[in-house]
Amino acid sequence: MSFGFSLSDIVVSYQLAGEIYRRCFTQAQRADVKYLQFGRDIRFLGQNLERLHQVVENANDQRPQKPWHDDDNERVTAEVLNTLLEVTGDFKQTLLDCEKLLSDNSKFQRSAANFVDNVAWHSSTERDVASLRERVHFHVIKVIFIAKPFEIQLLLGIRHELKQLRKEVAALRTILDWDPARTRDPINFTTPETYFHIPEDLSDRFRNSLAAKDPELSRMRDGLPLKEGFNALVYNFDRSTVDFEPSRGRGQEVPEEQYLNLVKSRWIIERLRESTYFSSLGPESLWVDYLRELEDEVRGQLVRFQQGGLPPPPLETLSRLPDSCFSIWVHEESSPRPAALTEHRPSEEKILELALQSRYSTHPSTLTIFRKSDIALRLVSATKDDQNERFHSEESKDVNMLQTGLVPVFAASQDTSTVNNNVLLCRQGQDTESYNLRNPADVAQFQRAMTGFRVSHDMSNVSWHIEFPAWSKPSSLSGKARLQLWHLKPLQKIQQPQDTEPGEGSSSSNDPTPYSPVGSIDLRRFWTSGTTQLPGSSIASPVTGSRGDGIALTHPELPVLIIFTKCHGKYTFLHLQLETSIFLKPQSCKLNIRKFCAEQENEQGLRSWNLGCFRYPEHPDFKKLELLRIKYLSLHFDTPDKRDEFCKEFSKLETLRNVDLNGYERTLKETKFLSNNPRSH
């Protein structure tokens, strides 16, 4: 709504409310009663917005058609609509937030949730739902109160046009008897008679509360600002005696806080009428009609106590209430605000938190990554100002790795003097997101979050040479490169402080053995820290299929050697899965290497250099990559020490690969034996 509010925004909003209710609350669900009420609130808001739309449509049907149509009144109608938005608040954004919350619970809303799912959804969204219900309810009551004044304003505009039309007709007939001063019926702008006197003690408490909250405002001669003052009026009146009904069991005793909120509402009305902002409006303003409508409602409640039907609480009792009860503004703890973006949502888990490079040391930035599924992630960038506690910026991006390119800018330059730690995410049809990480260790963790593979070795300035079979053309390829060794090991969920189970840390800041580009792998820890519980493990998993219960075995994912280089001016990946037939030796060894080239040469093609094609689970484009059948691949290092280091890490990956494959074969044989020998069960 930042580009102007129009009738179409109302239409879109009530249609969105109806769609949310239909999709999330009418299908087979077992939601808690609180969430069912959440759905009813959304539907009720949509219904009231639809009534506002009908009011506008009815008014348009009654307006004179051209050439007697008054364009000036179009401008007045637009001003009324803008005032409507200011009065009711941004209900469209609230509905979008509701939709986002419910879409985050897609598992719950699209299938009949069992008890465990329902409880998890309930506990993890309790605060989000409470906050959004508060916002929706606040919109609803303001829409209800503004509906009648809004309709009156539109009808008065039509009346003005009709009188203008009569004037023109009279002029044509030379029977001009129209008086411009009577374009509208005069509106009594005098303050209505006050039926209720606010005790001085209570008035002083209200005034002190106002000064304590905002001393500057209490000294302003202009008085209460319109939007904030009306919000306070609606907020307090909604929490007054409007829902109180005496009964035989409850007696005639009115809750003291409810009655005090009613008195407070009357006090706010008087302060608004004294305000320069209000008195300068003129009788045709929607704010004037809005206040008149609210004043009638407040007066209606006060009459219940003035006519002797209900005894008000004693003044002494009201005076003993705590200062918090005399607060004028909407309470901060009740103020509708969204949950922090850095908090995990239902059906997602926090797997990584890293510090980003900041231009200013006083503005630290962090990146938090949440895993929603095998292909879906949510990335949150947050920045704060150490010198200003109130400044806090957050931005959340949903990433589908099948539609997003992972561009390793850090590997684009072979010049060690220009090495950086940047990574790009290029989404189809959307802007590119750049993440400037602090060091290679954080780059490796970011890669791991995006691809599922742990970088066990990383080395720059390596020369490579591919020799093809004699019948192939060209006969060879060569170049300079950065290379990495990968092993499948997706990041685990970051354990919360209250969790007592030991687990592997998920970021470079909490990993007991942080990654080092030239470090080695601790074989014992690497194998025992949970790999058998993650994809690529050889451990059997029980499954239930159409033919009954069974055992599912997942073939281990092979380690990978990946080369970041350039071929014919294009950024290129050379991807080699380390099968059992591949090993280090001085003789030739037949290999199959997958080759991925950027679409264009040099920097123009950088954005299409997508490392995500090699992620786990397998990317749809992986099988489409060019397959090179080569005679051998040779690697040349700067020093013998670097060569020995690479050979050492390569050998450890071979060992891990063999452990995985042997475990898989052993489990497969045991499973076959059990299935062929029922007596052994």
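Residue check: is residue 297 charged (D, E, K, R) and closer than 18 Å to residue 150 by Cβ?
Details: charged (D, E, K, R): yes; closer than 18 Å to residue 150 by Cβ: yes.
So residue 297 fits the description; yes.
Only one residue in 464, 471 is at pLDDT 95 or above and either surrounded by 20 or more Cβ atoms within 10 Å (Cβ to Cβ) or assigned by TED's automatic domain parsing to the domain that holds residue 569 (or both). Which one?
Values: 471 fails: at pLDDT 95 or above.
Answer to the check: 464.
In the stretch 311-330, how many residues are surrounded by fewer than 18 Cβ atoms within 10 Å (Cβ to Cβ) and either of a type in the set (A, V, I, L, M, F, W, C) or assigned to a helix (DSSP H, G or I) (or both)?
10
Among the residues of the stretch 265-310, what is the count of those that are among the polar types (S, T, N, Q) and not in a helix (DSSP H, G or I)? First the steps, then the outcome.
The first filter runs over the stretch 265-310 and keeps only residues among the polar types (S, T, N, Q), leaving 265, 275-276, 279-280, 285, 301, 306-307.
Those left that are additionally not in a helix (DSSP H, G or I): 275, 280, 285, 307.
Count: 4.
Need the failing condition index for residue 279 against (1) in contact (Cβ under 8 Å) with a residue 12 or more places away in the chain; (2) over 20 Å from residue 196 (Cβ atoms), just the number.
Looking at each condition in turn, residue 279 falls short on (1).
Can you pull out every residue in the stretch 611-624 that is farther than 22 Å from residue 660 by Cβ, assigned to a loop (DSSP other than H, G, I, E, B) and among the charged types (D, E, K, R)?
Filtering the stretch 611-624 down to residues farther than 22 Å from residue 660 by Cβ leaves 611-613, 620-621, 623-624.
So of that shortlist, the ones also assigned to a loop (DSSP other than H, G, I, E, B) come out as 620-621.
Hit for the stretch 611-624 is 621, nothing else.
As an exercise: evaluate residue 596 against (1) surrounded by fewer than 20 Cβ atoms within 10 Å (Cβ to Cβ); (2) without any contact (Cβ under 8 Å) to a residue 40 or more places away in the chain and give the number of the one condition it does not meet.
(1)
If you scan the stretch 594-610, which residues turn out to be within 20 Å of residue 624 (Cα to Cα) and outside any strand (DSSP E or B)? Write out each step before concluding.
Quick first cut of the stretch 594-610, residues within 20 Å of residue 624 (Cα to Cα) only: 594-600, 605-610.
598, 599, 600, 605, 606, 607, 608, 609, 610 - these are the residues of the stretch 594-610 that are within 20 Å of residue 624 (Cα to Cα) and outside any strand (DSSP E or B).
Please state which one of 564, 637, 583, 646 is modelled with pLDDT under 90 and among the aromatic types (Phe, Trp, Tyr). Reasoning before the result, please.
Working: 564 fails: modelled with pLDDT under 90; 637 fails: modelled with pLDDT under 90; 646 fails: modelled with pLDDT under 90.
From the options 564, 637, 583, 646, the qualifying one is 583.
For the stretch 234-243: of the residues being over 31 Å from the mean Cα position of the chain (by Cα) and in a helix (DSSP H, G or I), which is farthest from residue 260 (Cα to Cα)? Before the answer, list the steps.
Taking the stretch 234-243 as the starting set, the residues that turn out to be over 31 Å from the mean Cα position of the chain (by Cα) are 237, 240-243.
In the following step, the residues that additionally are in a helix (DSSP H, G or I) were identified as 237, 241-243.
Values: 237: 10, 241: 9, 242: 12, 243: 14 Å.
The selected residue is 243.
If I ask for residues that are in contact with a Lys or Arg (Cβ under 9 Å, 6 or more places away or on another chain) and surrounded by fewer than 16 Cβ atoms within 10 Å (Cβ to Cβ), which ones from the stretch 431-448 would you list?
432
Report, by residue number, each residue of the stretch 204-241 that is more than 18 Å from residue 88 (Cβ to Cβ), surrounded by fewer than 17 Cβ atoms within 10 Å (Cβ to Cβ) and at pLDDT 80 or above.
Within the stretch 204-241, 204, 207, 208 meet the criteria.
Could you list all residues from the stretch 284-310 that are in contact (Cβ under 8 Å) with a residue 40 or more places away in the chain and among the small types (Gly, Ala, Ser)?
Correct list: 285 only.
Considering only the stretch 625-641, state which residues are assigned to a loop (DSSP other than H, G, I, E, B) and either outside the structural domain of residue 469 (by TED's automatic domain parsing) or among the β-branched types (Val, Ile, Thr) (or both). Steps first, please.
In the first step, residues of the stretch 625-641 are kept if they are assigned to a loop (DSSP other than H, G, I, E, B); the result is 625, 631, 637-639.
639 - this is the single residue of the stretch 625-641 that is assigned to a loop (DSSP other than H, G, I, E, B) and either outside the structural domain of residue 469 (by TED's automatic domain parsing) or among the β-branched types (Val, Ile, Thr) (or both).
Considering only the stretch 425-444, I want to know if a residue exists there that is at pLDDT 95 or above, farther than 18 Å from residue 609 by Cβ and polar (S, T, N, Q).
Taking every residue of the stretch 425-444 in turn, none turns out to be at pLDDT 95 or above, farther than 18 Å from residue 609 by Cβ and polar (S, T, N, Q).
The values are calculated or read from the model by the stated rules, or taken from the named source; none is laboratory data. Remember, it's a predicted structure, so these values are computed and weren't measured experimentally. Positions of Cβ are generated from backbone atoms using ideal geometry, with glycine treated the same way; all protein chains shown enter the neighbour counts.
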